[in-house]
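> Just dropping this structure here.
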DNA sequence: ACTAGCGACATTTTT
DNA sequence: TGTCGCTAGT
C-alpha cells in the first residue's frame, strides 16, 4: 500500500549515527515519567497539558528529536509555534539534540509562515501570483480606510480599526464577505462592515496581496476545495506538533483538521498547551479547542505535566491562588520541589516615577547579591508603560532591552524603503505604490495617485506600469505626470539591477540613494540623522540575512516575507547583560530569576476595555502568565498616581487581582520588614471595599504598618487610619 | 501640490 | 506624550 505513494516510503536511518538505544537513552535522560511518556508516545493524537514551567519546550524538542532518531525524515514533520522567536529557539535546541549527524530540521514555523510557504507554491490557484505581498495590520487598515471613503462613509464615525477588527474576527471564524452577510446583519456598523468587507476581498486580490488572516484562510479554502492537494499535505506531514494550542483560532483548528483528514495511518497530531495561559481570545483564539481535544480525538492520549521546575513554592502558590478565581479551568495544580523561597513582594508606590526608581533600586540590590541584569525582567500590560522605566534606567545607567515595542520594520522611513522593494516584487501592490511615490515628495499628490489607481483598474494594468506613460494619459499632465514618469524610470532601473542579481543589501542602498530619500533625511537635521541610521540598520539586516544563508542568494521575495512576518526582528544588536522590558503578552514562553510586574492597577490590569467576566478572566490569566515567569524573586507593583494620556491621574487603585492573591504568600517589605503574611494582619486586604462612618465608602489601598491602613475615599482623598479608632466596616 | 502649524485625541495585547 | 488630521497659506 505504501509503495503506491512514493511520499510514504520511509528512508532508513543515515549511517554513522549513534546506535538507536544509546541515542534514545541520552534523549530521555533527566526526564520525569510524564515527560518521557509524551516524548515516546509513538502514534495517534496526543494532548500534553503542560503547566507553566513544566518543561514543555523540553518535551517538544525531545519529541521532535526522537521522531527523527526513529527514522522519520525531518522534512516530513511539521512543528508549529506561536511566534517566530519560539520557532528559532526550538530550531536551535533541536539542532543541538540532533548533533552534527547531518539530519535536516523539521518544518519549524508559525502557522503564518508555514501557510505563506504553502501559498507561494500554489498562489495562482487563488488568483494571486507567486510574488504576492503580505499586508500587515497597518496596511490593511489603510486599505480599509480608502474603501470606507470610496463607499462614502466617514472614517470618524466608523473607525477603520473597528472595521478591520470586525473583518478579521469574521475571517478567523472562517467567514468570507458573503458568509458575513448571510449570517445576518444587524445595525449600522455591521452594515458598513459588510459593505466594506465585500470590497476588501477583491481589492486585496487586485493588489496581489493578502493580509495575515488570508495567509491561513486561502490555504484552508484550497485544501477544502482540492482533495488531491489536501491528500498531498496530509500525507506529507507524518507528524504534526502544535505548541500553545490554547491560542489557536477556528481557522487554525480547521487547518489541523484538514491535515488529519484523509491520511492513511493514525492521526499523528500532538498538541501542547495550558488553558490557564490562554491570552489571545481578543485575536480570535478559542480555548475550547484545547478543552475539546479529547472529544475531537477520542483515541487521544493525554499527558499532564504538573511538576514545575522553574519557580519556588511561594511564587507558585501565588499563581495557583490567583487562577482559581477563574471559573473555567482544567483541573491541574502546579507544584515544585525547589523549596519555599521568598515571598512575593507587593509594593504600592506614590507615583509611576517612584515605581520605576523602586524597581531600579531593587535591581541594584540584586546585582550586589551577585545577580546579573540579564536575569531580570520588567513586565507591563501596555507598551505605553515602558517609557517611565526607560527614562529612569537611562538616567541611572542601567542597560535595558526593549522587546516588541515600536517595531523596527514599522518605522516610517523603513516602511518607505520597503515600499520600493515591495513594488519591485509586486507592481500591483497599490499601497506600496502610493507610499513609495510619495516618499520623498516628487510633485505627485494624493489626487494624482487616486486618478492613476482608477485608470489602472480601468485598463487592467498595474499602477506602476501606467506611471511610465503618465504624460500620455488623459487627465494627467504637468508636474504630477513628469513626477510619475521619473518614478517609473527609477523603478525600471532598479528592476534591471535586481534581475541582474544585485544583492538585496545593495538594492536597498540604491533605493536610499537614488530615490532621494537619503537626501531628504540628510536635510532634516538631528531627527533625520537617526532615521538614516535606521536605514543603515535595514541594510545591515539584509546583509546579516545574506550571510546566514551562506552562499545561497537571498531573494528579495524571501527577504520581504521575513520582514512582513516580523521574522527579521532578531535579538541581535540588543545589549547583553541588560534588563528585559516587555509586555505581559510577549513574556509568554520566557523565564527570569527576577521578575517585576508593574502597573498593577484597575484600568490597566484588568484593562478598561474589558467588559464582562470572560474578558476579566483573560486578564487574570495574563497576570498568571506573568507570575509564572518568575523563578526566584517576584515583585508586584502599583502606583496611586500615574501619567496617562498626557495627564496625571491621581485616582489609580490597586488591581482587584492583588486581593485575590492568597494570604500568607505576599509581603510588603517596606512596611514590616521580613515575615510572610504580615500585610494581612490588619485583617483587611488591598483593594477591599470598606466604609467609614464619617467618610463613607472607600477602597483599601495600602498599609503603613501594624494596624494602620490607607483608604481612598470616594471624594478622591487618601486617608491614613488607625484601625483601633476608625471603625471600618467591610462592604 | 505641498507644508507648517495647530488642536484634538488616543492606548490594549500580536501573527 | 506623541501622533494624526485638518486648515490656511505658499
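Quick note: the coordinates plus some simple rules give every number you see, no bench work behind them. From a predicted model like this one, the values you see are computed outputs, not experimental measurements. Note that we place each Cβ from the backbone using ideal geometry, even for glycine, and neighbour counts take in every protein chain shown.
> Which whole-number percent is the relative contact order of chain A (Cα, under 8 Å, 6+ apart)?
Reported as a whole number, the value is 15 percent.
> To continue, here is another question. Rounded to the nearest 500, what is chain A's calculated 222 nm mean residue ellipticity when only DSSP H runs of at least 4 contribute -39500 (n - 2.57) each, over all residues?
That calculation yields -14000 deg cm²/dmol at 222 nm.
> Given N residues in chain A, what is Rg(Cα) / (2.2 N^0.38 Å)?
1.05
> Taking a ≥ b ≥ c as the square roots of the eigenvalues of the Cα gyration tensor of the range A:315-355, is the shape rounded (a/c under 1.5), prolate (a/b larger than b/c) or oblate?
oblate
> Could you give the alpha-carbon Rg of the range A:297-389 over 2.2 N^0.38 Å, rounded to two decimals?
Here the Cα radius of gyration is 1.45 times the empirical estimate.
> Place a point 7 Å from the Cα of residue A:154 along the Cα-to-Cβ direction; which residues of the range A:193-213 have their backbone N under 20 Å from it?
A:193-196
> Run the simple label-point estimate for residue A:731 and residue A:493 please: 7 Å along Cα→C-beta, distance reported in nm.
7.2
> Sort out for me the Cα centre separation of the range A:215-239 from the range A:377-438, rounded to whole Å.
35
> Any chance you could check the Cα centroid distance between the range A:584-607 and the range A:502-552 for me, in angstrom?
35
> Given the range A:115-225, report the % of alpha carbon pairs whose separation exceeds 20 Å.
Roughly 38 percent, once rounded to a whole number.
> Answer rounded, prolate or oblate for the range A:184-313, using the Cα gyration tensor with square roots of eigenvalues a ≥ b ≥ c: rounded when a/c is under 1.5, else prolate when a/b is larger than b/c, else oblate.
It is oblate, given that a/c is not under 1.5 and a/b is not larger than b/c.
> Just the ratio, please: alpha-carbon radius of gyration of the range A:237-294 over 2.2 N^0.38 Å, N its number of residues.
1.13
> Oh, and also: Working out 0.36 nm times the residue gap between residue A:183 and residue A:261, then minus their Cα-Cα distance, what length gain in nm do you get to one decimal?
Between residue A:183 and residue A:261, full extension yields an extra 25.4 nm.
> Per-residue counts of other Cβ atoms within 10 Å, averaged by peptide: what ranking do you get for A:85-97, A:424-436, highest first?
Order by mean packing, descending: A:424-436, A:85-97.
> Over the range A:356-466, calculate the relative contact order: mean separation of alpha carbon pairs under 8 Å at least 6 apart, over the residue count, as a percent.
After rounding, I find 16 percent.
> Computed FRET efficiency, Cβ-Cβ of residue A:120 and residue A:723, R0 51 Å: what is it to the nearest 0.05?
That gives a FRET efficiency of 0.15.
> From largest to smallest, what semi-axes in whole angstrom does the range A:385-456 give when each is the square root of 5 times an eigenvalue of its alpha carbon gyration tensor?
Taking √(5λ) for each eigenvalue gives 38, 13, 9 Å, largest first.
> Express the Stokes-Einstein translational diffusion coefficient of the range A:516-658 in µm² s⁻¹, to the nearest whole number, given a Kirkwood radius over alpha-carbon pairs, 4 °C and a viscosity of 1.567 mPa s.
Reported coefficient: 67 µm²/s.
> Taking the simple approach of a point 7 Å from Cα along Cα-to-Cβ for both residue A:715 and residue A:333, what is their distance in nm?
Placing both labels 7 Å beyond Cα along the Cβ direction yields 4.7 nm.
> Evaluate the Debye formula for the range A:21-165 with equal point scatterers sitting on the alpha carbons, no solvent, and hand back log10 of I(q)/I(0) at q = 0.08, 0.10, 0.15, 0.21 Å⁻¹, in q order, two decimals.
Values, matching the q order: -0.38, -0.54, -0.86, -1.28.
> Taking a ≥ b ≥ c as the square roots of the eigenvalues of the Cα gyration tensor of the range A:439-553, is the shape rounded (a/c under 1.5), prolate (a/b larger than b/c) or oblate?
oblate
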